[in-house]
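The structure appears right after this line, and notes come after that.
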Amino acid sequence: MSMVSPSIVEHTDRGPLGRDEMARVLARDIPRGAYVNLGIGQPTTVGDHLPPESGVIFHTENGMLGMGPAATGDAIDPDLINAGKFPVTELPGASYFHHADSFAMMRGGHLDLCVLGAYQVSASGDLANWHTGEPGAIPAVGGAMDLAVGAKQVFVLMSLFTRTGEPKLVKECTYPLTALRCVDRVYTDFATFEITGGDQILVRETWGISFHELRSRVDVPLTVATP
Amino acid sequence: MTLLCTSVDEAVSGIADGSTVLVGGFGTTGMPFDLIYALIRQGARDLTVVSNNAGNGDTGLAALLAAGRVSKVVCSFPRQTDSWVFDELYRSGKIELEVVPQGNLAERMRAAGAGIGGFYTRTGAGTLLAEGKETREIDGRTYVLERPIAADVALISAHTADTLGNLVYRKTARNFNPVMATAATTTIVQVQHLVEPGALDPEAVVTPGIYVDRIVQVSS
């Protein structure tokens, strides 16, 4: 049997990624020139690693392509905000459109990629990120369901474990679903995963944990790609 | 025919109790604050409000909710750091909530404005928000039937209007305003600038005046 080195990189000489490092690792995989929507919260920070010279064009669902970085000082304009309702800037070549057009371009499959946060992702790529379902919780979905089914690729950015240590990569989601079989990749503090639609999730890279230890801490079948 | 109003109070006159009211804006950006305050003074109650959010802070839509005039909110994202007025009403059972995915919210109003009786969308398929709705397999994928949202009144905000009701907006303050303008029996617009016909570039008009019933100029 020939020795084929599996295509995984294990960084066991360091700890897991910090939040900013997670965003940087995800940004590395966004193709030049892609049309990208970043979800509110941590996914928005991916933009900090994709300057205008990256050629990536940002879509914000409240009606703009060509969104620039956060606005500060005199550049703050109350008429120019992102989906998280923070002031942003406009890059040369930007365009504005109304909400129905904004979601038509998303739902029509014209957006290359979106980055979303998640409570849970299942082995088959189901996403749960809008509602905890807890009594008294006020449900709020925003554009998450539209993004999850509309973007050509869905990348999730999340911590791998909850604050109480439960893995968020699960066999079946227990939280209410956002969309079925929509997630392509999951970027976490301990590892990056690729969901292939098969029985197993591919692990691409790990930080602060070996592949074998990761397998013991996550209750979904993990494997590595063979080149 | 577009009616030019001399005050916001004139602009909102005649809105009946029990009306469905579309309220433009995304958060507070593009929200028609002056029309909302006029509606509070006008006194209509038992309103169903359709808007992306359920009010921010104590101003605008939140003030209408706080005044007890709204019995139901249809929106995509009620819960925010500054949605305390809605949160309190909801938790005490004083207001009904229908959560709609943001794209469905926009498209359902677009459908109403375009005379479309419904549309099939993949958004929400297999989730709580599609429960009880008709579904259909199209080319191997599951789609959910969504129905139009038509309203009695739309309260919207634009940057500039001409006296025929043609509208242009500014940056992301456009958001839901143009689609809401098409979906109501009576569309009422507050604008910062009012100009004569011919002053707007016809190529740049976003909302043609046919959708606009009443205009009032407010200070910016």
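Throughout, read-outs are computed from the coordinates displayed, never taken from laboratory work. Only a predicted model underlies this, so the values are computations on that prediction, with no experimental measurement involved. Because the Cβ atoms are built from the backbone with ideal geometry, glycine has one as well, and the counts that use them run over all protein chains shown.
Annotations for the structure displayed:
- Sorted from longest to shortest, the spans of the Cα atoms of the protein assembly as shown along the three principal axes equal 85, 46, 43 Å.
- Distance histogram in 5 Å bins (all Cα pairs of chain B, percent per bin): 1, 7, 15, 19, 19, 16, 11, 7, 4, 1, 0, 0
- Residue-normalised convex hull volume from the C-alpha trace of the range A:40-116: 98 Å³ per residue.
- Close amide H pairs (under 5 Å, H built 1.01 Å from N) link B:Phe176 with A:His99, B:Gly25, residues at least 5 positions away or on another chain.
- B:Ile138, B:Ile210, A:Ile40 arranged by Cβ crowding within 10 Å, fewest neighbours leading: B:Ile138, B:Ile210, A:Ile40
- Placing one equal scatterer on every Cα of the range A:73-122 and applying the Debye formula, the log10 ratio I(q)/I(0) at q = 0.27, 0.29 Å⁻¹ is -1.19, -1.21.
- On the principal axes of its alpha-carbon atoms, the range B:16-63 has extents of 26, 18, 15 Å, going from largest to smallest.
- One compactness figure for the range B:34-102 is 0.99, namely its Cα radius of gyration divided by 2.2 N^0.38 Å.
- Local electrostatic count at A:Thr89 - Lys and Arg +1, Asp and Glu -1, tallied over other residues with Cβ under 13 Å: -3
- Annotation: amide H of B:Leu3 within the under-5 Å range of B:Arg214, B:Ile215, sequence separation 5 or more or interchain, hydrogens built in the peptide plane.
- Order of A:Cys173, A:Cys114 under a 10 Å beta carbon neighbour criterion, fewest first: A:Cys173, A:Cys114
- Take every Cα pair under 8 Å whose residues are at least 6 apart in sequence, average their separation, divide by the length of chain B, and the relative contact order is 24 percent.
- Principal-axis tilt of helix A:19-28 within chain A, Cα atoms, nearest 10 degrees: 90
- For the residue pairs A:Lys168/B:Lys72; B:Lys94/B:Lys133; A:Lys152/B:Lys133, the C-alpha atoms sit more than 29 angstrom apart in A:Lys168/B:Lys72.
- DSSP-defined beta bridges in the range A:65-211 - what % are antiparallel, rounded to 5: 65
- Ranked A:Thr174, B:Thr182, criterion: other C-beta atoms within 10 Å, fewest first: A:Thr174, B:Thr182
- Longest to shortest principal axis, alpha-carbon extents of chain A, angstrom: 60, 44, 32
- Estimated [θ] at 222 nm from DSSP helical runs (n ≥ 4, -39500 (n - 2.57)) normalised by residues in chain A, nearest 500: -4000 deg cm²/dmol
- Stokes-Einstein D in µm²/s, Kirkwood radius over Cα pairs - the range B:65-136 at 4 °C with 1.567 mPa s viscosity: 92
- Value of Rg to Rh for the range B:150-200 (Rh from inverse mean 1/r over Cα pairs, i.e. Kirkwood): 0.97
- Backbone geometry of the range B:74-80 corresponds, through the Karplus equation with coefficients 6.51, -1.76 and 1.60 at θ = phi - 60°, to 3J(HN,Hα) couplings of 10, 7, 9, 9, x, 8, 9 Hz, x marking Gly and Pro.
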